[in-house]
1. Obtain the nm distance between the two label points defined at THR85 and LEU22 by a simple spin-label model: each point lies 7 Å from its Cα along the Cα-to-C-beta direction.
2. Suppose accessible area is computed on protein heavy atoms with a 1.4 Å probe; arrange ARG70, ARG94 from highest to lowest.
3. How far apart, in nm, are the 7 Å Cα→Cβ label points at LEU95 and SER78?
Amino acid sequence: ENGLISRNGLPSELRALTDLALLDLNTNFIEGTLPTALASLTSLLTINFADNFFFFDAFPNEWESLINLRTLELNLNSFSGTLSTRIGNLVNLRLLDYADNNRFEGGLGGDL
């Protein structure tokens, strides 16, 4: 634990970083659900949460506001369920990596 990152997820104080363009927290042993507080960080271009212990059964609807997001790396986590077609609302997304989340069911919808 280093003050900002804990094994219990990410603090809601992240929402104060409104000009943040890159959030790279890969390989930090973070546990928990994807933080909905990130929805206010509309300047984000890249999120890299690879190789942690994040989990969800549904993609956070709040993240639809991340309209500038271009890269989303969620590989090597503990996600299950299906990856919602709502991720298609991230219109500038160019790279989505969700490999090695072996509890996902189905794939991406054909309309993405």
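The values are calculated or read from the model by the stated rules, or taken from the named source; none is laboratory data. Computed from a prediction, not measured in an experiment: that's the story for all the values here. Using ideal geometry, Cβ is built from the backbone for each residue, glycine included, and neighbour counts are taken over all protein chains shown. Note: accessible area is taken over every heavy atom of the protein model, side chains too, but ligands, DNA and RNA are not part of it. Shrake-Rupley method; radii C 1.70, N 1.55, O 1.52, S 1.80 Å.
1. 3.5
2. Numbers: ARG70 120, ARG94 175 Å².
Ranking ARG70, ARG94 by accessible area, largest first, yields ARG94, ARG70.
3. Calculated label separation equals 2.7 nm.
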